[in-house]
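Novice: Provided herewith is a single structure, encoded as structure tokens, for subsequent inquiry.
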Amino acid sequence: MADADTELKGMLDGEGTQVQGKSDAKLQTLGKQVVSTLYMLVRNVKIHSPENAIFLKPIETLHEAINKVVASEKQLNLHAIGTAVYINNTILKFDFSALSNVQYLTKEFESREMGGFATKRPVTTQEIRDFLYLFSNEYRGPAPESGAEGRELQAMRVARYAVVKELLDKLQKQEIDLDQQIDRKKYMMTVYARTVFFMRKYFEYIQQGRPQLPFAKAARLVQDLVDLCHEQSTHFLGLTTTKSESEYLPFHSSNCCLLSIVFGSELGLDRKQLHELGMAALFSQVGLTEIPDDVLMRHGSLSREERAEVDLFPLRSAKRILQARGLDKTTMLRVVATFESKVDYAMPQRDEAGDVQLVMPKVNLGIYGKVIAIVDTYDALTAKRPFRDAYGPEIALALMSNDMKYKFDPVLLRIFMKVMAIQPIRILKPQASSLRIG
């Protein structure tokens, strides 16, 4: 863990390096510049002619970036479908915030039956204008390989969508085969360690009254976790068994994030939704930093006032999130999920045998909050605390599905048990005393 901590500390100081695989940093930078500039040009050519003076500067930027790639690589082959963009068979690693722009561009490509373009020679600014014409409202239909009539391309060639799709399918298959030869579990541990270290520093900064660390750092880590979940869900799930009694909050927050992503993936959420869910889960516990340690670690029961302090932590978490980001749609999703994760799904009642029965609530909770409620409780029960030993997975799920079942959506809880591949066991008779849950 120490090596990973040192590496992440460098990242927090702006000196760390991102895992690029085989990708060259210069090619990544130029490739992303090509894509971002092309996105802006394609979007605006719907309104203005490619010859309009407003395009002078961005076309020059694109012209320079393309020709730099050609000069260093002797060619530029850009292939793009969905959110996957390759430059000379090297996949570009985009931040989460850029993915919607990438998808817009690739949809425009597909509408012209285009999968990208290629050139082995430097291009001119006029050739870029002729290429952009293919996306204007004046042009209709598939884009010819050599460009539109009267605006033929000289160095550039349009790549057909069907050909590129077949090529990218093969590339992705090769990457999967290569991943099988690489110790992906080791890399997953590195990303997990980075996440724990980030949250450790995040909580320390809050407690010391220092400015909060930027959410953008965490967003990149959560994006990596979403990608890893799709590749290696079994090994990924195993990471959540990592616990620390002395540093409960950083590990608990990270585990809630991991479990939420795995659970959400099983529920069919897309990558964007998994990222939103993971970020909400990661910061859902931040309000606990305002509760004194002697209360959180108490062996005995809490007073009414202390219990009230603990019960207020979801609101404090929401307040921290609002302070760090301001009010926008993303922030509201996190705030609502954080609060709803601590709202019981139903009103509990016991029948004559002592079993808990449900009285359905009037409020309709969101999916993110219901998922976080389950993973938060499960990870808390399976972690060792000062006032009790860790419960085993089977016992934890037995408590959740019996004594605590009113807290959770029963359908989601059953799915979670299948995801964890653990069957709960009955450990108490109805008339027995309840175990302490903390």
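Novice: Among the numbered criteria (1) touching a Leu at 6+ places or on another chain (Cβ under 7 Å); (2) surrounded by fewer than 19 Cβ atoms within 10 Å (Cβ to Cβ), which one does Thr382 miss?
Specialist: For Thr382, the failing item is (1).
Novice: For the stretch 106-131, enumerate the residues that are surrounded by fewer than 20 Cβ atoms within 10 Å (Cβ to Cβ) and either closer than 20 Å to Ala162 by Cβ or outside the structural domain of Val45 (by TED's automatic domain parsing) (or both).
Specialist: Listed by number, the residues that qualify are Lys107, Glu108, Glu110, Ser111, Arg112, Glu113, Ala118.
This table checks each residue for (1) farther than 24 Å from Phe55 by Cα; (2) touching a residue at least 12 places away in the same chain (Cβ under 8 Å); (3) within 17 Å of the chain's Cα centre (by Cα).
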position: Ala80; (1), (2), (3): no, yes, no
position: Thr83; (1), (2), (3): yes, yes, yes
position: Asn88; (1), (2), (3): yes, yes, no
position: Phe94; (1), (2), (3): yes, yes, yes
position: Leu99; (1), (2), (3): no, yes, yes
position: Gln103; (1), (2), (3): no, yes, yes
position: Phe109; (1), (2), (3): no, yes, no
position: Gly116; (1), (2), (3): no, yes, no
position: Thr119; (1), (2), (3): no, yes, no
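Novice: For residues in the stretch 11-58 being in a loop (DSSP other than H, G, I, E, B), of a type in the set (A, V, I, L, M, F, W, C) and modelled with pLDDT of 90 or more, which is farthest from the chain's Cα centre (by Cα)? Lay out the reasoning, then the answer.
Specialist: The first filter runs over the stretch 11-58 and keeps only residues in a loop (DSSP other than H, G, I, E, B), leaving 13-24, 45-52.
Applying the additional criterion that residues be of a type in the set (A, V, I, L, M, F, W, C) yields 19, 45, 47.
Pick out the ones that are also modelled with pLDDT of 90 or more and you get 45, 47.
Working: Val45: 32, Ile47: 34 Å.
For the stretch 11-58, the residue satisfying everything is Ile47.
Novice: Another question, if that's okay. Against the condition under 33 Å from the mean Cα position of the chain (by Cα) and surrounded by 15 or more Cβ atoms within 10 Å (Cβ to Cβ), how does Asn67 come out, does it pass?
Specialist: When the stated conditions are applied, Asn67 does not pass them.
Novice: Right, another one. Output the helices (runs of 4 or more DSSP H) that fall wholly within the stretch 315-427 and possess 2 or more residues being modelled with pLDDT of 85 or more, of a type in the set (Asp, Glu) and under 20 Å from the mean Cα position of the chain (by Cα), or say none. Steps first, answer last, please.
Specialist: On the way: elements: 329-340, 367-381, 393-401, 410-420.
In the stretch 315-427, 367-381 are the helices (runs of 4 or more DSSP H) which contain 2 or more residues that are modelled with pLDDT of 85 or more, of a type in the set (Asp, Glu) and under 20 Å from the mean Cα position of the chain (by Cα).
Novice: If you don't mind, there's one more thing I want to ask. With respect to Glu73, determine if the residue is among the acidic types (Asp, Glu), buried (at least 17 other Cβ atoms within 10 Å of the Cβ) and modelled with pLDDT under 95. Even if it seems obvious, please write down each step before you answer.
Specialist: Working: among the acidic types (Asp, Glu): yes; buried (at least 17 other Cβ atoms within 10 Å of the Cβ): yes; modelled with pLDDT under 95: yes.
So Glu73 passes the test.
Novice: Do we find that Val85 is of a type in the set (A, V, I, L, M), crowded, with 20+ Cβ neighbours inside 10 Å and modelled with pLDDT of 95 or more in this structure? Let's see the steps before the verdict.
Specialist: Working: of a type in the set (A, V, I, L, M): yes; crowded, with 20+ Cβ neighbours inside 10 Å: yes; modelled with pLDDT of 95 or more: no.
Answer is no for this residue.
Novice: Let me ask another. Restricting the first residue to the stretch 402-422 and requiring it to be closer than 15 Å to Asp355 by Cβ, which pairs with a second residue that is of a type in the set (Val, Ile, Thr) and surrounded by fewer than 19 Cβ atoms within 10 Å (Cβ to Cβ) meet a Cβ separation below 7 Å and a spacing of at least six or different chains?
Specialist: Sorted first by the residue in the stretch 402-422, then by its partner, the pairs are Asn402/Val356; Asp403/Val356; Met404/Ile437; Lys405/Val356; Tyr406/Val356.
The values are calculated or read from the model by the stated rules, or taken from the named source; none is laboratory data. Not measured: the values here are computed from a predicted model. For neighbour counting, all protein chains shown are included, and Cβ atoms are generated from backbone atoms with ideal geometry for every residue, glycine included.
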